[in-house]
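Participant: Take this structure, written in C-alpha cells, and hold onto it; I'll ask about it next.
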Amino acid sequence: MDKYIIIEKDVDAQESIRTIADSYDDMQYSGTAKNQDEALQLIFKDAPDIIFLGMDHVVDDLSDFLLDVNKHSLKDPVFIALSSSEKNAYKAYKYDFFDFLLKPISELNLRRSILKYKKKHPSKAYETICLKSNKDYQYLNTDDILFLKADNNTTDFQMRDGSLIGAYKTLKTFENALPPNFLRIHKSYIVNSTYVSRIHYGKGICIIKNTDFQIPFTKTFLDNIDLINTRLSNKAFITLN
C-alpha cells in the first residue's frame with residue numbers, strides 16, 4: 001500500500017484528492033495537516049510515500065520544511081505540489097518535486113499524476129505476510145496459502161496444511177501485496193493459481209488440487225480466470241475427452 005497525506009488548507013482540494021486517490025486499491029490515506037507543525041508530526045508519525053503539499057501559504061519556510069523532512073523522515077517521500085498559481089510551478093520543480101497540480105484540481109490531471117507515480121514505483125509483492133495483533137506477530141509464507149476468503153471486514157487464509165488463519169483486515173488490503181500468482185476471481189476470493197487443478201466454466205468453479213475446495217468465480221473476474229487457464233495450459237499436454 002502507498003500511504004499518502006495531504007498538507008493543504010483548501011477543503012475542496014483535500015476532498016478532490018481523497019475522492020480520486022481512494023479509488024485506487026493500493027492507496028491509503030493517512031491524514032491531513034493544515035500547517036507546518038501538523039505536517040511534520042504527521043510525516044514523522046506515519047512515514048507516508050506520497051505527500052500532496054499546498055504551496056499557497058501552508059508551510060512557513062519551504063526550504064527548512066523540506067530539510068527537516070529529509071533529515072528525520074523514515075522514508076524519502078514523493079512530493080506533489082498543489083497551487084492556485086502557475087508561478088509556484090517553478091518553485092516546485094526547483095525543489096525537485098515529483099509533480100505540480102494547478103488548483104482547482106481536475107480529476108484527469110490528478111489521475112495522470114498518480115499513475116505516473118505508480119509507473120515509477122510499482123507495488124511490491126511480498127513472499128511473507130505478517131499478521132500483527134497487539135504484541136503477537138504471525139508470519140505466513142505465501143507459497144503455503146491456497147486462497148484468501150473475505151468474511152465481512154476480515155480475511156481468512158486457507159493454508160496448505162489445512163489450517164485456517166484469520167486476519168482483521170479486508171481482502172482489499174492484501175490484494176496488491178501478494179505475488180502475481182494470486183488472482184482475484186470473486187469479490188470474496190483471491191486464489192493462489194499455483195494450486196488450481198481444474199477450471200469448470202459451466203459451473204463457475206475452480207478446484208484446488210489435493211483438496212475438496214471448490215472456489216466460485218464470477219464474470220466480473222473472468223479475465224483472471226482466463227489468465228490462470230492460459231498459464232496452466234502452457235505447461236500442459238492437452239487432449240480432448
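Participant: Being in contact with a helix residue (DSSP H, G or I) (Cβ under 8 Å, 6 or more places away or on another chain) and either within 19 Å of T128 (Cβ to Cβ) or without any contact (Cβ under 8 Å) to a residue 40 or more places away in the chain (or both) is the requirement here; does F221 meet it? Outline the logic, then answer.
Facilitator: Numbers: in contact with a helix residue (DSSP H, G or I) (Cβ under 8 Å, 6 or more places away or on another chain): no; either within 19 Å of T128 (Cβ to Cβ) or without any contact (Cβ under 8 Å) to a residue 40 or more places away in the chain (or both): yes.
It is false that F221 is in contact with a helix residue (DSSP H, G or I) (Cβ under 8 Å, 6 or more places away or on another chain) and either within 19 Å of T128 (Cβ to Cβ) or without any contact (Cβ under 8 Å) to a residue 40 or more places away in the chain (or both).
Participant: Being in contact with a Lys or Arg (Cβ under 7 Å, 6 or more places away or on another chain) and either touching a residue at least 40 places away in the same chain (Cβ under 8 Å) or open to solvent by less than 40 Å² (accessible area, probe 1.4 Å) (or both) is the requirement here; does L101 meet it? Steps first, answer last, please.
Facilitator: Values: in contact with a Lys or Arg (Cβ under 7 Å, 6 or more places away or on another chain): no; either touching a residue at least 40 places away in the same chain (Cβ under 8 Å) or open to solvent by less than 40 Å² (accessible area, probe 1.4 Å) (or both): yes.
Taking the combined requirement at face value, the residue does not satisfy it.
So that you can scan it fast, the table gives a plain yes or no per residue for (1) under 30 Å from F97 (Cα atoms); (2) without any contact (Cβ under 8 Å) to a residue 40 or more places away in the chain:
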residue: P122; (1), (2): yes, yes
residue: K132; (1), (2): no, yes
residue: L140; (1), (2): no, yes
residue: I145; (1), (2): no, no
residue: A150; (1), (2): no, yes
residue: M159; (1), (2): no, yes
residue: S163; (1), (2): no, yes
residue: A177; (1), (2): yes, no
residue: L183; (1), (2): no, no
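Participant: Does region 116-132 contain at least one residue that is within 17 Å of V58 (Cβ to Cβ) and either in a strand (DSSP E or B) or at pLDDT 95 or above (or both)?
Facilitator: So in region 116-132, the residues within 17 Å of V58 (Cβ to Cβ) come out as none.
Within region 116-132, none of the residues are within 17 Å of V58 (Cβ to Cβ) and either in a strand (DSSP E or B) or at pLDDT 95 or above (or both).
Participant: Ok, one more. Name, by its number, the condition in (1) under 16 Å from the mean Cα position of the chain (by Cα); (2) at positive phi that does not hold for L115.
Facilitator: Among (1) under 16 Å from the mean Cα position of the chain (by Cα); (2) at positive phi, the lone unmet condition for L115 is (2).
Participant: While we're looking at this one, here's another question. Of all the strands (runs of 3 or more DSSP E) wholly in region 5-96, which have at least 1 residues that are surrounded by fewer than 18 Cβ atoms within 10 Å (Cβ to Cβ)?
Facilitator: Values: elements: 27-33, 50-54, 78-83.
Filter on region 5-96 gives 27-33.
Participant: Next question. If you go through region 219-238, how many residues are open to solvent by 60 Å² or more (accessible area, probe 1.4 Å), within 11 Å of I199 (Cβ to Cβ) and among the β-branched types (V, I, T)?
Facilitator: 1
Participant: Determine, yes or no, whether K149 is among the basic types (K, R) and exposed (fewer than 13 other Cβ atoms within 10 Å of the Cβ).
Facilitator: Values: among the basic types (K, R): yes; exposed (fewer than 13 other Cβ atoms within 10 Å of the Cβ): no.
Against the criterion (among the basic types (K, R) and exposed (fewer than 13 other Cβ atoms within 10 Å of the Cβ)), K149 does not qualify.
Participant: Of all residues being under 25 Å from the mean Cα position of the chain (by Cα) and touching a residue at least 40 places away in the same chain (Cβ under 8 Å) in region 195-218, which is farthest from N141 (Cα to Cα)? Just the residue, please.
Facilitator: Residue satisfying both the conditions and the ranking: I215.
Participant: Restricting to region 124-146, name every residue that is within 28 Å of K209 (Cβ to Cβ), of a type in the set (S, T, Y) and open to solvent by less than 90 Å² (accessible area, probe 1.4 Å).
Facilitator: Those that are within 28 Å of K209 (Cβ to Cβ), of a type in the set (S, T, Y) and open to solvent by less than 90 Å² (accessible area, probe 1.4 Å): T128, T142.
The values are calculated or read from the model by the stated rules, or taken from the named source; none is laboratory data. Remember, predicted model here, so these are calculated numbers, not experimental data. Cβ coordinates were reconstructed from backbone atoms using ideal geometry, including for glycine residues, and neighbour counts include every protein chain displayed. Side chains are part of the model used for accessible areas, which takes the heavy atoms of the whole protein and leaves out ligands, DNA and RNA. Shrake-Rupley method; radii C 1.70, N 1.55, O 1.52, S 1.80 Å.
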